[in-house]
1. Assuming R0 = 25 Å, can you tell me the calculated FRET efficiency for the pair ASN40 and GLU18, based on Cβ-Cβ distance, to the nearest 0.05?
2. Around ARG145, which amide H atoms from residues at least 5 apart in sequence, or from another chain, sit under 5 Å from its own amide H, with H modelled in the peptide plane?
3. How much accessible surface area, in Å² rounded to 10, belongs to the heavy atoms of ASP118 with a 1.4 Å probe?
4. Rounded to the nearest 20 Debye, what is the dipole magnitude of the chain about its Cα centre when Lys and Arg each give +1 and Asp and Glu each give -1 at the C-beta?
5. Compute the FRET efficiency between LEU132 and ILE173 as 1/(1 + (r/R0)^6), taking r as their Cβ-Cβ distance and R0 = 45 Å, and round to the nearest 0.05.
6. Which angle between 0 and 90 degrees, to the nearest 10, do you get for helix 191-224 versus the longest principal axis of the chain when only C-alpha atoms count?
7. State in Å² the accessible area per residue of the chain; use a 1.4 Å probe, count heavy atoms of protein chains only, and round to the nearest integer.
8. Roughly speaking, to the nearest percent, how much of the chain's 1.4 Å accessible area is carbon and sulfur?
Amino acid sequence: MARPSQGIDQALLRSGRELFAASGCDGLSLRALAEHAGVNLGMFHYHFKTKDNFLRVLLQQLYEEVFARIGVEAAHEGPALVRLRNALLALALFVREHRPLVARVWSDAAQGQPVARDFVRANAPRHLGLLLGLLAQAESEGALRAMPPVQRLVFVMGAVAAPMFIAPVVADIAVGPPLSEDQLTTQVMSDAAIAARVDMALDALRAVAVKRRSGRRTARESRDA
(Lines give C-alpha, C1' and ligand atoms only; values in the text may rest on other atoms or scores of the structure.)
Protein backbone atom coordinates (compact mmCIF):
# COMPACT_ATOMS: atom_id res chain seq x y z
CA MET A 1 0.00 0.00 0.00
CA ALA A 2 1.44 3.35 -1.00
CA ARG A 3 2.14 5.80 1.81
CA PRO A 4 0.11 9.04 1.68
CA SER A 5 1.89 12.03 0.19
CA GLN A 6 4.51 13.69 2.37
CA GLY A 7 3.19 17.06 1.21
CA ILE A 8 -0.19 16.71 2.90
CA ASP A 9 1.10 17.50 6.38
CA GLN A 10 2.72 20.71 5.12
CA ALA A 11 -0.45 21.68 3.25
CA LEU A 12 -2.39 21.33 6.49
CA LEU A 13 0.20 23.38 8.36
CA ARG A 14 0.07 26.13 5.73
CA SER A 15 -3.70 26.24 6.04
CA GLY A 16 -3.34 26.27 9.80
CA ARG A 17 -1.28 29.43 9.61
CA GLU A 18 -3.98 31.12 7.58
CA LEU A 19 -6.88 30.02 9.77
CA PHE A 20 -5.35 30.14 13.25
CA ALA A 21 -5.31 33.92 13.68
CA ALA A 22 -9.08 34.13 13.26
CA SER A 23 -9.99 31.00 15.18
CA GLY A 24 -7.42 30.48 17.89
CA CYS A 25 -6.69 27.12 19.47
CA ASP A 26 -10.19 26.33 20.63
CA GLY A 27 -12.02 27.66 17.59
CA LEU A 28 -9.99 25.92 14.90
CA SER A 29 -12.26 23.51 13.03
CA LEU A 30 -10.59 20.37 11.73
CA ARG A 31 -13.17 20.05 8.97
CA ALA A 32 -12.59 23.65 7.87
CA LEU A 33 -8.85 23.08 8.05
CA ALA A 34 -9.02 19.99 5.85
CA GLU A 35 -11.28 21.72 3.35
CA HIS A 36 -8.97 24.75 3.21
CA ALA A 37 -5.97 22.47 2.58
CA GLY A 38 -7.91 20.47 0.01
CA VAL A 39 -7.37 17.14 1.74
CA ASN A 40 -9.55 14.44 3.25
CA LEU A 41 -10.20 14.81 6.98
CA GLY A 42 -8.89 11.29 7.46
CA MET A 43 -5.48 12.46 6.28
CA PHE A 44 -5.39 14.97 9.12
CA HIS A 45 -5.77 12.15 11.62
CA TYR A 46 -3.17 10.09 9.75
CA HIS A 47 -0.54 12.81 10.08
CA PHE A 48 -1.40 14.54 13.37
CA LYS A 49 -3.77 12.27 15.33
CA THR A 50 -5.31 15.08 17.39
CA LYS A 51 -5.96 18.80 17.10
CA ASP A 52 -3.77 19.58 20.11
CA ASN A 53 -0.84 17.77 18.53
CA PHE A 54 -1.41 19.64 15.27
CA LEU A 55 -1.42 22.95 17.13
CA ARG A 56 1.82 22.09 18.90
CA VAL A 57 3.52 21.28 15.60
CA LEU A 58 2.09 24.41 13.95
CA LEU A 59 3.23 26.79 16.67
CA GLN A 60 6.62 25.15 17.10
CA GLN A 61 7.29 25.28 13.36
CA LEU A 62 6.52 28.98 13.35
CA TYR A 63 8.66 29.63 16.39
CA GLU A 64 11.68 27.78 15.04
CA GLU A 65 11.61 30.10 12.04
CA VAL A 66 11.86 33.26 14.12
CA PHE A 67 14.39 31.78 16.53
CA ALA A 68 16.59 30.76 13.62
CA ARG A 69 16.46 34.30 12.24
CA ILE A 70 17.48 36.02 15.45
CA GLY A 71 19.94 33.27 16.31
CA VAL A 72 21.84 33.82 13.08
CA GLU A 73 22.18 37.53 13.84
CA ALA A 74 23.25 36.91 17.42
CA ALA A 75 25.92 34.42 16.36
CA HIS A 76 27.78 36.78 14.04
CA GLU A 77 31.13 38.14 15.11
CA GLY A 78 31.45 41.77 16.08
CA PRO A 79 30.23 44.18 18.76
CA ALA A 80 27.31 42.94 20.82
CA LEU A 81 25.37 46.15 20.16
CA VAL A 82 25.47 45.57 16.40
CA ARG A 83 24.38 41.96 16.80
CA LEU A 84 21.63 43.05 19.19
CA ARG A 85 20.34 45.61 16.72
CA ASN A 86 20.21 43.05 13.92
CA ALA A 87 18.51 40.46 16.15
CA LEU A 88 15.86 43.00 17.17
CA LEU A 89 15.27 43.88 13.53
CA ALA A 90 14.87 40.21 12.61
CA LEU A 91 12.42 39.67 15.46
CA ALA A 92 10.40 42.77 14.64
CA LEU A 93 10.16 41.94 10.95
CA PHE A 94 8.94 38.45 11.81
CA VAL A 95 6.31 39.88 14.16
CA ARG A 96 5.14 42.22 11.41
CA GLU A 97 4.87 39.33 8.96
CA HIS A 98 2.85 37.17 11.37
CA ARG A 99 1.29 39.82 13.61
CA PRO A 100 -2.31 38.46 13.78
CA LEU A 101 -1.07 34.94 14.52
CA VAL A 102 1.38 36.12 17.18
CA ALA A 103 -1.34 38.20 18.82
CA ARG A 104 -3.69 35.22 18.86
CA VAL A 105 -1.10 32.96 20.50
CA TRP A 106 -0.47 35.45 23.29
CA SER A 107 -4.21 36.05 23.72
CA ASP A 108 -4.92 32.32 23.99
CA ALA A 109 -2.03 31.86 26.42
CA ALA A 110 -3.22 34.77 28.57
CA GLN A 111 -6.67 33.18 28.74
CA GLY A 112 -5.17 29.91 29.93
CA GLN A 113 -5.60 27.82 26.77
CA PRO A 114 -3.36 24.83 27.56
CA VAL A 115 -1.58 24.37 24.21
CA ALA A 116 -0.85 28.09 23.82
CA ARG A 117 0.15 28.47 27.47
CA ASP A 118 2.54 25.53 27.34
CA PHE A 119 4.00 26.76 24.06
CA VAL A 120 4.74 30.22 25.44
CA ARG A 121 6.21 28.85 28.65
CA ALA A 122 8.50 26.50 26.74
CA ASN A 123 9.71 28.91 24.08
CA ALA A 124 9.58 32.51 25.31
CA PRO A 125 12.67 32.00 27.53
CA ARG A 126 14.70 31.03 24.45
CA HIS A 127 14.54 34.29 22.50
CA LEU A 128 14.20 36.48 25.59
CA GLY A 129 17.29 34.82 27.06
CA LEU A 130 19.19 35.41 23.84
CA LEU A 131 18.28 39.12 23.85
CA LEU A 132 19.10 39.44 27.55
CA GLY A 133 22.50 37.93 26.82
CA LEU A 134 23.19 40.40 24.03
CA LEU A 135 22.11 43.31 26.20
CA ALA A 136 24.43 42.13 28.97
CA GLN A 137 27.31 41.75 26.52
CA ALA A 138 26.72 45.24 25.15
CA GLU A 139 26.81 46.59 28.69
CA SER A 140 30.05 44.73 29.46
CA GLU A 141 31.58 46.22 26.31
CA GLY A 142 30.67 49.69 27.53
CA ALA A 143 28.04 50.33 24.86
CA LEU A 144 25.06 50.44 27.23
CA ARG A 145 24.68 51.74 30.75
CA ALA A 146 24.13 49.38 33.65
CA MET A 147 20.52 48.86 34.66
CA PRO A 148 18.26 45.98 35.78
CA PRO A 149 18.21 43.42 32.94
CA VAL A 150 14.47 42.81 32.77
CA GLN A 151 13.68 46.53 32.93
CA ARG A 152 15.99 47.13 29.99
CA LEU A 153 14.56 44.23 27.99
CA VAL A 154 10.96 45.33 28.56
CA PHE A 155 11.83 48.86 27.49
CA VAL A 156 13.43 47.68 24.25
CA MET A 157 10.65 45.23 23.38
CA GLY A 158 8.01 47.81 24.22
CA ALA A 159 9.61 50.31 21.89
CA VAL A 160 10.29 47.92 19.02
CA ALA A 161 7.43 45.42 18.80
CA ALA A 162 4.53 46.77 20.85
CA PRO A 163 3.67 49.63 18.45
CA MET A 164 2.76 47.07 15.76
CA PHE A 165 0.00 45.77 18.01
CA ILE A 166 -1.06 49.09 19.54
CA ALA A 167 -1.22 51.32 16.45
CA PRO A 168 -3.85 49.27 14.53
CA VAL A 169 -6.09 49.28 17.61
CA VAL A 170 -5.73 53.03 17.96
CA ALA A 171 -6.56 53.43 14.28
CA ASP A 172 -9.63 51.19 14.58
CA ILE A 173 -11.13 53.05 17.52
CA ALA A 174 -10.29 56.46 16.05
CA VAL A 175 -8.33 57.77 19.02
CA GLY A 176 -6.65 61.00 17.99
CA PRO A 177 -6.30 62.09 14.35
CA PRO A 178 -7.46 59.56 11.74
CA LEU A 179 -4.69 57.21 10.67
CA SER A 180 -4.87 55.92 7.12
CA GLU A 181 -3.55 52.53 6.06
CA ASP A 182 -0.68 54.22 4.24
CA GLN A 183 0.22 56.24 7.32
CA LEU A 184 0.05 53.14 9.50
CA THR A 185 2.43 51.35 7.16
CA THR A 186 4.83 54.27 6.78
CA GLN A 187 4.96 55.32 10.41
CA VAL A 188 4.72 51.96 12.18
CA MET A 189 5.03 48.88 9.96
CA SER A 190 7.60 49.78 7.32
CA ASP A 191 11.20 48.58 7.39
CA ALA A 192 12.30 52.18 7.93
CA ALA A 193 9.90 52.73 10.84
CA ILE A 194 10.97 49.51 12.54
CA ALA A 195 14.66 50.32 12.12
CA ALA A 196 14.07 53.81 13.50
CA ARG A 197 12.42 52.41 16.63
CA VAL A 198 15.25 49.96 17.19
CA ASP A 199 17.81 52.74 16.87
CA MET A 200 15.85 55.11 19.12
CA ALA A 201 15.53 52.44 21.82
CA LEU A 202 19.22 51.59 21.78
CA ASP A 203 20.23 55.24 21.54
CA ALA A 204 18.14 55.98 24.64
CA LEU A 205 20.05 53.39 26.62
CA ARG A 206 23.37 54.72 25.39
CA ALA A 207 22.52 58.42 25.72
CA VAL A 208 22.16 58.24 29.50
CA ALA A 209 25.61 56.71 29.84
CA VAL A 210 27.13 59.44 27.69
CA LYS A 211 25.28 62.13 29.61
CA ARG A 212 26.37 60.80 32.97
CA ARG A 213 30.02 60.49 31.92
CA SER A 214 29.87 64.02 30.58
CA GLY A 215 28.35 65.25 33.85
CA ARG A 216 31.05 63.60 35.96
CA ARG A 217 33.75 65.06 33.76
CA THR A 218 32.28 68.56 34.09
CA ALA A 219 32.13 68.27 37.88
CA ARG A 220 35.71 67.03 38.07
CA GLU A 221 36.92 69.82 35.82
CA SER A 222 35.12 72.37 38.02
CA ARG A 223 36.89 71.02 41.11
CA ASP A 224 40.25 71.12 39.40
CA ALA A 225 39.68 74.70 38.39
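The values are calculated or read from the model by the stated rules, or taken from the named source; none is laboratory data. Everything numeric here is computed off the predicted structure, so don't read it as measured data. Note: ideal-geometry Cβ built from the backbone for every residue, glycine included; neighbour counts use all protein chains shown. Please note that ligands, DNA and RNA were not included when accessible areas were found on the heavy atoms of the full protein model with its side chains. Shrake-Rupley method; radii C 1.70, N 1.55, O 1.52, S 1.80 Å.
1. Numbers: r = 19 Å, r/R0 = 0.75.
Here the calculated transfer efficiency is 0.85.
2. ALA209
3. Here the accessible area works out near 80 Å².
4. Working: 27 positive and 22 negative charges, 169 e Å.
That gives a dipole near 820 debye.
5. Numbers: r = 34 Å, r/R0 = 0.75.
Computed FRET efficiency for LEU132 and ILE173 comes out at 0.85.
6. Tilt relative to the chain: about 20 degrees.
7. Details: 12460 Å² over 225 residues.
Result: 55 Å² of accessible area for each residue.
8. On the way: 7230 of 12460 Å².
The C+S portion of the solvent-accessible surface of the chain is 58 percent.
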